[in-house]
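**Student:** Before I ask anything, let me first share the structure, which is written out below as structure tokens.
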Amino acid sequence: MPAQDAIGLLKADHRKVEELFEKYESARGRKADIAKQICMELIIHSMIEEEIFYPACRDAGADSDMMDEANVEHDGAKTLIAELENGSPDDEFYDAKVKVLSEEIKHHIKEEEKRGGIFTAARQGELDLDSLGEKLMARKQELKTQFEQQGLPTPVTLTMTAPPLEQRASA
Ligand SMILES: [Fe+2]
Ligand SMILES: [Fe+2]
């Protein structure tokens, strides 16, 4: 596969996760597996954006309110991702959680891809999208290997001040 620039790579991730959400809806026996894939994709995607892409966009002059909202949207989705990781498709509300997560993600993707959105800001800034794409790909591979060996982590929020889910669950 030829190297992708940063935006090409992130958009390909978006299409992949949209496809997984669609698959989940019509899946019969493979729901747990698909939900796990969805969590894996979303955790890795949000981490590479948060660690590499979003800071580069901010440095390149992307509107800070827009970037702040994107960070909060990521963190909002993490609650549901953690729920899916810790539950099973037989649980009450599980399908509803997948559905609501898919709606949140759809909205978030639109915010990134729309005209005037984050990807537009990245294109207009002085970013080297090719080398950024290489960095994103390298980190993506590294995280994938790590999670395949050690299991998926609970997603870590960057903007929330409420106690982490685990603490609340055991309180
Ligand atoms: Fe994204
Ligand atoms: Fe994002």
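The values are calculated or read from the model by the stated rules, or taken from the named source; none is laboratory data. Here the structure is a predicted model, which is why all the values come from computation and not from measurement. All Cβ positions, even for glycine, are placed from backbone atoms using ideal geometry, and neighbour counts span all protein chains on display. We work out accessible area using only protein heavy atoms, side chains counted, and drop any ligands, DNA or RNA first. Shrake-Rupley method; radii C 1.70, N 1.55, O 1.52, S 1.80 Å.
**Student:** Within segment 101-130, track down each residue that is of a type in the set (A, V, I, L, M), more than 17 Å from Ala70 (Cα to Cα) and out of contact with any Asp or Glu (no Cβ under 7 Å at 6 or more places or on another chain).
**Tutor:** Leu127 - this is the single residue of segment 101-130 that is of a type in the set (A, V, I, L, M), more than 17 Å from Ala70 (Cα to Cα) and out of contact with any Asp or Glu (no Cβ under 7 Å at 6 or more places or on another chain).
**Student:** Looking only at residues that are touching a residue at least 60 places away in the same chain (Cβ under 8 Å) and open to solvent by less than 100 Å² (accessible area, probe 1.4 Å) in segment 106-126, which one is nearest to ligand 2 (Cβ to nearest atom)?
**Tutor:** Across segment 106-126, the extreme among qualifying residues is Glu112.
**Student:** A further question on this structure: Need the failing condition index for Phe53 against (1) more than 12 Å from ligand 2 (Cβ to nearest atom); (2) within 25 Å of Gly125 (Cα to Cα), just the number.
**Tutor:** Only one criterion in (1) more than 12 Å from ligand 2 (Cβ to nearest atom); (2) within 25 Å of Gly125 (Cα to Cα) is unmet by Phe53, namely (1).
**Student:** Taking segment 5-50 as the search range and keeping residues that are among the acidic types (Asp, Glu) and within 16 Å of ligand 2 (Cβ to nearest atom), which one is nearest to Thr157 (Cα to Cα)?
**Tutor:** Applying the filter and picking the extreme gives Glu50.
**Student:** A follow-up question, please. Is at least one residue of segment 138-152 in a loop (DSSP other than H, G, I, E, B) and surrounded by 12 or more Cβ atoms within 10 Å (Cβ to Cβ)?
**Tutor:** Yes, segment 138-152 has at least one match.
**Student:** So, one more: Could you list, in sequence order, all residues of segment 17-45 that are free of Cβ contacts under 8 Å to residues at least 24 places away in the same chain and of a type outside the set (D, E, K, R)?
**Tutor:** Residues satisfying the conditions are Leu20, Ser26, Ala27, Gly29, Ile34, Gln37.
**Student:** When the residues of segment 14-72 are narrowed to those that are polar (S, T, N, Q) and open to solvent by less than 60 Å² (accessible area, probe 1.4 Å), which ends up farthest from ligand 1 (Cβ to nearest atom)?
**Tutor:** Only one residue fits best here, namely Asn71.
**Student:** Does segment 83-100 include one or more residues that are under 14 Å from the mean Cα position of the chain (by Cα) and surrounded by fewer than 16 Cβ atoms within 10 Å (Cβ to Cβ)?
**Tutor:** no
**Student:** Can you name the number of the only condition in (1) modelled with pLDDT of 95 or more; (2) out of contact with any Ser or Thr (no Cβ under 9 Å at 6 or more places or on another chain); (3) surrounded by 13 or more Cβ atoms within 10 Å (Cβ to Cβ); (4) of a type in the set (Gly, Ala, Ser) that Ala77 fails?
**Tutor:** Tallying (1) modelled with pLDDT of 95 or more; (2) out of contact with any Ser or Thr (no Cβ under 9 Å at 6 or more places or on another chain); (3) surrounded by 13 or more Cβ atoms within 10 Å (Cβ to Cβ); (4) of a type in the set (Gly, Ala, Ser), Ala77 fails exactly one: (2).
**Student:** Look through segment 88-109, keep the residues that are farther than 17 Å from Glu41 by Cα and small (Gly, Ala, Ser), and return whichever of them is farthest from ligand 1 (Cβ to nearest atom).
**Tutor:** Among them, the one singled out is Ser88.
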